[in-house]
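> Take this structure, written in structure tokens, and hold onto it; I'll ask about it next.
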Amino acid sequence: MNLQERIARRRSAHQGQDVVVDRDHLSPVVHRSEPVGRGPVLEQLLDELEPVFDGDLPPPVAVVGPAGAGTSAIVTALFDAMNDRLGESSRTIGTTTRAGSLGPVTWFVYVDARRVDSPFAFYRAVLSVVSSDTVPESGVGTDDLRERLCERLSRPDRRAIVAIDHHDEPETLTYDRVRELLEPAAESVSTLAVGQAEPDDWRGPTVAVPAYRHHELVDVVTDRASTGLAAGALDHESVRDLAVWADGNAHDALAALFGAAVVASEEASDRIEHRHLETAKADVPEDGVHVDRALALSETRQRVLLDLISVETAQRPIREVAAQIADRSSLTAGTVKRFLYELADRGVIERVPLPSSGSGRRPSTVEPRFPTIAFRSLGPSDDPAP
């Protein structure tokens, strides 16, 4: 925590400001530039990437860890730091007569498969890092973007390490598909497969990211609370209880912390009380999914989810839930029902069987599998854009 953040927290405590000083510092979808308690894993990953320091490509690497272990935070933090050291921005010089590279350039490209759902989007994501030119969002084809990427990496002193995160989640680009897309530039590219499982038939090295131990998770929550909350807003005993409850899952711990801060703010409380934490913990489903799974959906589907968590679903079949959501939006009941089944197939919501006294098909309802307080605060506003 830097000095300005310390001053801001002290000032907030004396000015009667909201319990939250900086919401982003509490958010479960925002990563720290230096992940807390993950030094040994970062060293292991650096060992696997060691060839880049000699201007060579490392072999493909898998980075694997359970939900909430921080695999995404580790890779994004390391890639940002490596780009600062080895990317083109730090390897070029400019004079009144020329600008040129001082040596080999290696780009580190992080691609979130939750938000890259097509070859076009994938090439655009990679080019946005390796290209100094603006990458068009439309008006060009996938083949054109692939050719631009190949041209950018055609020089022998240019190469890229591409990490594909969440490759093992439903309806995202698989690791094998990413390798196919990169095949035209294969001699200049290596890959990282980041997720909860290795790709099928994996034979390369693997960096295993363990779940957080309780004392490590205490440090993670303390770090976030120290910069995101007003001074004295959360006591250490509550932090310890939250870490034990989350059982090694940093996402769940931060989602509950964020949710408790939202509830406390809505009550205009100057601190997070036990009841706020209990409400927030009850909102984080056991064995649920990361709230970012919901936030990565299209805005239309996010709005369906926003309506879903606002209507009563208990003991009501899906068709009735869909009809009520349709009444709140411009969508038809049939479209909403289709979206709900689709989101259940993706694992974002869950179909729950309802009691049935007949012999026909048993009805079911749907329930969110993500933290709804965090989603409501981080997702689309309640009022659709005009």
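The values are calculated or read from the model by the stated rules, or taken from the named source; none is laboratory data. The model shown is predicted, which means the values in this text are computed figures rather than measured ones. Quick reminder, even Gly has a Cβ in these numbers, built from the backbone with ideal geometry, and neighbours come from all protein chains shown. In case anyone asks, the SASA skips ligands and DNA or RNA and just uses the protein heavy atoms, side chains included. Shrake-Rupley method; radii C 1.70, N 1.55, O 1.52, S 1.80 Å.
> Starting from 0.36 nm per residue, how many nanometres of slack lie between Asp345 and Glu151 once their C-alpha separation is accounted for? All intermediate terms of the calculation are to be shown ahead of the outcome.
On the way: separation 194, 0.36 × 194 = 69.84 nm, distance 3.93 nm.
Going from the current span to full extension adds 65.9 nm.
> Within the chain, what is the longest stretch that has no trypsin sites (Lys or Arg not before Pro) placed in a DSSP loop and near at most 13 other beta-carbon atoms within 10 Å?
No qualifying site falls inside 214-360, the longest such stretch.
> Tell me, Kirkwood radius of region 111-224 from alpha-carbon pair distances, in Å? Intermediate values should be presented prior to the final figure.
Numbers: mean 1/r = 0.0631 Å⁻¹.
So the Kirkwood estimate lands at 15.9 Å.
> Okay, moving on. Let's see if you can work this out: charge +1 on each Lys and Arg Cβ, -1 on each Asp and Glu Cβ, no other charges. What is the dipole magnitude of the chain about its Cα centre, in debye to the nearest 20?
620 debye
> Here's something else I'd like to know. At 1.4 Å probe size, with every protein chain present, just tell me what the per residue accessible area of the chain comes to in Å².
Value for the chain: 50 Å² per residue.
> Could you calculate the contour length gain from Ala67 to Thr335, that is, 0.36 nm times the residue separation minus the distance between their Cα atoms, to one decimal place in nm? All intermediate terms of the calculation are to be shown ahead of the outcome.
On the way: separation 268, 0.36 × 268 = 96.48 nm, distance 3.14 nm.
So the chain would gain 93.3 nm between Ala67 and Thr335.
> Here's something else I'd like to know. List the residues, sorted by chain then number, that are 5 or more residues from His167 or on another chain and whose placed amide H is less than 5 Å from its amide H.
Answer set, sorted by chain and number: Val194.
> Also: Calculate what fraction, in whole %, of the accessible area of the chain sits on carbon and sulfur atoms when a 1.4 Å probe is rolled over the protein chains.
Answer for the chain is 45 percent, counting heavy atoms of protein chains only.
> Rounded to the nearest 500, what is the 222 nm mean residue ellipticity of the chain from helices alone, with -39500 (n - 2.57) per DSSP H run of 4+ residues and division by all residues?
After summing the helix terms and dividing by the residues of the chain, the value is -13500 deg cm²/dmol.
> Moving to a separate point now. Which listed residue (Thr206, Leu378, Pro51) has the Cα farthest towards the positive end of the charge dipole for the chain, taking +1 on Lys and Arg C-beta and -1 on Asp and Glu C-beta about the Cα centre?
With unit charges placed on the Cβ atoms, the residue in question is Leu378.
> What GluC sites (Glu not before Pro) in region 278-368 are in a loop by DSSP, with at most 12 other Cβ atoms within 10 Å of the Cβ?
Counting only loop positions with at most 12 other Cβ atoms within 10 Å, the GluC sites (Glu not before Pro) in region 278-368 are Glu286, Glu312.
> Could you give the spread of the C-alpha atoms of the chain along their three principal axes, from largest to smallest, in whole angstroms?
Over the chain, Cα extents along the principal axes are 72, 57, 44 Å.
> Further question: Pick out, from Ala73, Leu343, Gly87, the residue whose Cα sits farthest towards the positive end of the charge dipole of the chain, with +1 on the Cβ of Lys and Arg and -1 on the Cβ of Asp and Glu.
Positive-end residue among those listed: Leu343.
> Please identify every one of the GluC sites (Glu not before Pro) in region 140-185 that sits in a loop by DSSP and has no more than 14 other beta carbons within 10 Å of its own beta carbon.
Hits after loop and neighbour filter: Glu171.
> Shifting gears a bit: If all Cα-Cα distances of region 247-325 are sorted into 10 Å bins from 0 onward, what percent lands in each bin, rounded to whole numbers?
16, 36, 37, 11, 0
> How big is the antiparallel share of DSSP beta bridges in the chain, given as a percent to the nearest 5?
About 30 percent, rounded to the nearest 5.
> Turning to a different aspect of this structure: What are the ³J(HN,Hα) couplings of region 281-288, residue after residue, when phi is run through the Karplus curve with 6.51, -1.76, 1.60 and θ = phi - 60°? Round to Hz, x for glycine and proline.
Values per residue, Gly and Pro as x: 5, 5, 7, 9, x, 5, 6, x Hz.
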